[in-house]
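**Student:** Here it is, the structure, as structure tokens.
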Amino acid sequence: MRAITRSTPVVALGFVVALALGVSPSSAQQWPQRTVRLLLPIGPGTAPDFAARLFAERLAPRWGQPVIVENRQGADGLVALSAFVGARDSHTLFFSYAAPITINPLFHDKLPYDPARDLVPIGSTSALFLAVAVPASLKIGTMTELVGLARSQPGKLNWVGAPGLPEIFFGGFNKSADLNMVRVSYREMSQAVVDLSEARFHAMSTSLTNILPQVHAGKIRVLAVTNRDRSPVLPDVPTAMEAGYPELTAEGLLGFFGGRDMPADLRDRIAADIRTVAADPAIAPRLTAAGQILRSFTPAEYAAAIEDQRARVAAIVHATGMKMSQ
């Protein structure tokens, strides 16, 4: 009995030290104890929604609890982010592109969250394929031909960029390549795709999934994808790097985030489970069919990729004085 009494303070001291370090010794083992909510800043039926539901479906049996996807679209993701930050709950995760960290701070004077503190990168799942496209009737087939046409007709060609990375990176390209193409804003990207197919403007930067039906219909031609890899859906289309325009390289990373109070051991446990799901041979083909490519990063790799994107986006915005379209 005396030996037990002497050991008790040691155990208690170890627990206090663990708490002081921000790590609960058993948090990862005991989690989850109830339904896990996965908040998304975009609506159902979108590419991020598809990826979130695909991983939620596979994570639920691993965790022994339901994983519920909740779409909270609106206001550049601020609706979902306000709900996520306000929850302060380890059973509420955030699934998103990196814009809440890399883009929103550049265009919003006040945010309901601290990008550096309230969003802890856990792990990525995939990247959206982003593309530069033109009307098929324009009769050009390469990025170099688009550049040549724009330089031969300064101020005469119009372009549209989907909000976020496509708009920012094509705007930066327009400036760095010394092109005088005029940006046109659309409230609805679906209408912009229709107008591109009818040649009502001349170039568009957007996700591949947005334009793929019109590409297959022969009304839109993709000149390049901005990702590091070619799309398996359009294997003959070069990357921007291959086309000679590395400044256009950008990937729409998707992944999981935790809140500011998430212990490191729990973050690492969730990240490992995400990578296990990603390693399933059935996952990559389903992502490919949805216009994405598998990107399975550790927390450190994911954080580094987000930081790289943040720095590049900030440099473009500051160089161009760009204002995001509404």
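The values are calculated or read from the model by the stated rules, or taken from the named source; none is laboratory data. Quick caveat: nothing in here was measured; it's all calculated off a predicted structure. All Cβ positions, even for glycine, are placed from backbone atoms using ideal geometry, and neighbour counts span all protein chains on display.
**Student:** Can you name the residue in region 156-178 that is more than 18 Å from residue 323 (Cα to Cα) and hydrophobic (A, V, I, L, M, F, W, C) and, of all such residues, is nearest to the chain's Cα centre (by Cα)?
**Tutor:** Here the answer is 177.
**Student:** For residue 104, which of the numbered conditions (1) over 21 Å from residue 87 (Cβ atoms); (2) without any contact (Cβ under 8 Å) to a residue 60 or more places away in the chain; (3) touching a Leu at 6+ places or on another chain (Cβ under 7 Å) fails to hold?
**Tutor:** Single failed check for residue 104: (1).
**Student:** Does any residue of region 199-208 turn out to be surrounded by fewer than 22 Cβ atoms within 10 Å (Cβ to Cβ) and closer than 29 Å to residue 287 by Cα?
**Tutor:** First pass over region 199-208, keeping only residues surrounded by fewer than 22 Cβ atoms within 10 Å (Cβ to Cβ): 199-201.
Next cut, closer than 29 Å to residue 287 by Cα only: none.
No.
**Student:** I'd like the residue in region 76-129 that is outside any strand (DSSP E or B) and among the polar types (S, T, N, Q) and, out of all such residues, is nearest to the chain's Cα centre (by Cα). Give the derivation first.
**Tutor:** So the first thing to find is which residues in region 76-129 are outside any strand (DSSP E or B), and the list is 76-91, 98-119, 129.
Remaining after also requiring among the polar types (S, T, N, Q): 82, 90, 102, 104.
Numbers: 82: 18, 90: 22, 102: 10, 104: 13 Å.
So the residue we want is 102.
**Student:** Please give the number of the condition residue 209 fails out of (1) under 22 Å from residue 95 (Cβ atoms); (2) at pLDDT 95 or above; (3) among the polar types (S, T, N, Q).
**Tutor:** Every listed condition holds for residue 209 apart from (2).
Conditions tested, residue by residue: (1) crowded, with 17+ Cβ neighbours inside 10 Å; (2) modelled with pLDDT of 55 or more; (3) over 30 Å from residue 105 (Cβ atoms); (4) in contact with a Leu (Cβ under 6 Å, 6 or more places away or on another chain).
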| site | (1), (2), (3), (4) |
| --- | --- |
| 6 | no, no, yes, no |
| 12 | no, no, yes, no |
| 33 | no, yes, yes, no |
| 36 | yes, yes, no, no |
| 41 | yes, yes, no, no |
| 46 | yes, yes, no, no |
| 55 | yes, yes, no, no |
| 62 | no, yes, yes, no |
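**Student:** Here is a further query. How many residues are under 28 Å from the mean Cα position of the chain (by Cα) and either not in a strand (DSSP E or B) or not hydrophobic (A, V, I, L, M, F, W, C) (or both) if we restrict to region 131-140? Give the steps one after another, and end with the answer.
**Tutor:** Taking region 131-140 as the starting set, the residues that turn out to be under 28 Å from the mean Cα position of the chain (by Cα) are 131-135.
Next cut, either not in a strand (DSSP E or B) or not hydrophobic (A, V, I, L, M, F, W, C) (or both) only: 135.
Counting residues in region 131-140 that are under 28 Å from the mean Cα position of the chain (by Cα) and either not in a strand (DSSP E or B) or not hydrophobic (A, V, I, L, M, F, W, C) (or both) gives 1.
**Student:** If you take the residues of region 180-189 that are surrounded by fewer than 21 Cβ atoms within 10 Å (Cβ to Cβ) and either under 18 Å from residue 248 (Cβ atoms) or of a type in the set (Asp, Glu) (or both), which of them is nearest to the chain's Cα centre (by Cα)?
**Tutor:** Checked region 180-189; the qualifying residue nearest to the chain's Cα centre (by Cα) is 188.
**Student:** State which residue is nearest to residue 247 (Cα to Cα) when the search covers only region 161-188 and only residues that are part of a loop (DSSP other than H, G, I, E, B) and hydrophobic (A, V, I, L, M, F, W, C). Don't jump to the end; show me each part of the working.
**Tutor:** Step one: filter region 161-188 for residues part of a loop (DSSP other than H, G, I, E, B), giving 162-164, 177-181, 184-188.
Still in the list and also hydrophobic (A, V, I, L, M, F, W, C): 162, 177, 179, 181, 184.
On the way: 162: 18, 177: 10, 179: 14, 181: 17, 184: 21 Å.
Going through the qualifying residues, I end up with 177.
**Student:** Can you go through 139, 110 and tell me which one is out of contact with any Pro (no Cβ under 9 Å at 6 or more places or on another chain), surrounded by fewer than 14 Cβ atoms within 10 Å (Cβ to Cβ) and more than 30 Å from residue 242 (Cβ to Cβ)? Explain how you work it out, then say what you get.
**Tutor:** Working: 139 fails: more than 30 Å from residue 242 (Cβ to Cβ).
Step by step, each of 139, 110 is checked, and only 110 is out of contact with any Pro (no Cβ under 9 Å at 6 or more places or on another chain), surrounded by fewer than 14 Cβ atoms within 10 Å (Cβ to Cβ) and more than 30 Å from residue 242 (Cβ to Cβ).
**Student:** Name every residue in region 175-187 that is without any contact (Cβ under 8 Å) to a residue 40 or more places away in the chain and within 14 Å of residue 144 (Cα to Cα), in order of residue number. Write out each step before concluding.
**Tutor:** Let us first name the residues in region 175-187 that are without any contact (Cβ under 8 Å) to a residue 40 or more places away in the chain, namely 178-182, 184.
Correct list: 178, 179.
**Student:** Within 17 Å of the chain's Cα centre (by Cα) and either surrounded by fewer than 23 Cβ atoms within 10 Å (Cβ to Cβ) or β-branched (Val, Ile, Thr) (or both), is that true of residue 144? So that I can check it myself, show each step before the final result.
**Tutor:** Details: within 17 Å of the chain's Cα centre (by Cα): no; either surrounded by fewer than 23 Cβ atoms within 10 Å (Cβ to Cβ) or β-branched (Val, Ile, Thr) (or both): yes.
No; evaluated as a whole, the condition is false for this residue.
**Student:** Considering only region 181-195, I want to know if a residue exists there that is hydroxyl-bearing (Ser, Thr, Tyr) and under 18 Å from residue 224 (Cα atoms). Walk me through how you get there before you give the answer.
**Tutor:** Going through region 181-195, the residues hydroxyl-bearing (Ser, Thr, Tyr) turn out to be 185-186, 190.
Remaining after also requiring under 18 Å from residue 224 (Cα atoms): none.
No, because not a single residue in region 181-195 is hydroxyl-bearing (Ser, Thr, Tyr) and under 18 Å from residue 224 (Cα atoms).
**Student:** Can you confirm whether region 201-215 contains a residue that is within 23 Å of residue 151 (Cα to Cα) and part of a loop (DSSP other than H, G, I, E, B)?
**Tutor:** Taking region 201-215 as the starting set, the residues that turn out to be within 23 Å of residue 151 (Cα to Cα) are 201-206.
Restricting the remaining residues to those that are part of a loop (DSSP other than H, G, I, E, B) gives 201-202.
Looking for residues that are within 23 Å of residue 151 (Cα to Cα) and part of a loop (DSSP other than H, G, I, E, B), one finds at least one in region 201-215, hence yes.
**Student:** Given the residues 317, 225, 237, which is the only one that is over 30 Å from residue 69 (Cα atoms), buried (at least 19 other Cβ atoms within 10 Å of the Cβ) and either in the same structural domain as residue 165 (by TED's automatic domain parsing) or over 17 Å from the mean Cα position of the chain (by Cα) (or both)? Talk me through it step by step, then tell me what you get.
**Tutor:** Details: 317 fails: buried (at least 19 other Cβ atoms within 10 Å of the Cβ); 225 fails: over 30 Å from residue 69 (Cα atoms).
From the options 317, 225, 237, the qualifying one is 237.
**Student:** Could we say that residue 287 is within 17 Å of the chain's Cα centre (by Cα) and either under 21 Å from residue 162 (Cα atoms) or crowded, with 18+ Cβ neighbours inside 10 Å (or both) here? First the steps, then the outcome.
**Tutor:** Working: within 17 Å of the chain's Cα centre (by Cα): yes; either under 21 Å from residue 162 (Cα atoms) or crowded, with 18+ Cβ neighbours inside 10 Å (or both): yes.
It is true that residue 287 is within 17 Å of the chain's Cα centre (by Cα) and either under 21 Å from residue 162 (Cα atoms) or crowded, with 18+ Cβ neighbours inside 10 Å (or both).
**Student:** List every residue pair whose Cβ atoms lie under 8 Å apart, where the two residues are 6 or more positions apart in sequence or sit on different chains, the first residue falls within region 20-46 and is of a type in the set (Lys, Arg) and assigned to a loop (DSSP other than H, G, I, E, B), and the second residue, located anywhere, is surrounded by 10 or more Cβ atoms within 10 Å (Cβ to Cβ) and modelled with pLDDT of 75 or more.
**Tutor:** Hits for this filter: 34/65; 34/91.
**Student:** Only one of these is assigned by TED's automatic domain parsing to the domain that holds residue 291 and either of a type in the set (Ser, Thr, Tyr) or closer than 18 Å to residue 259 by Cβ (or both): 37, 58, 62. Name it. Working first, answer last.
**Tutor:** On the way: 58 fails: either of a type in the set (Ser, Thr, Tyr) or closer than 18 Å to residue 259 by Cβ (or both); 62 fails: either of a type in the set (Ser, Thr, Tyr) or closer than 18 Å to residue 259 by Cβ (or both).
Just one listed residue meets the conditions, 37.
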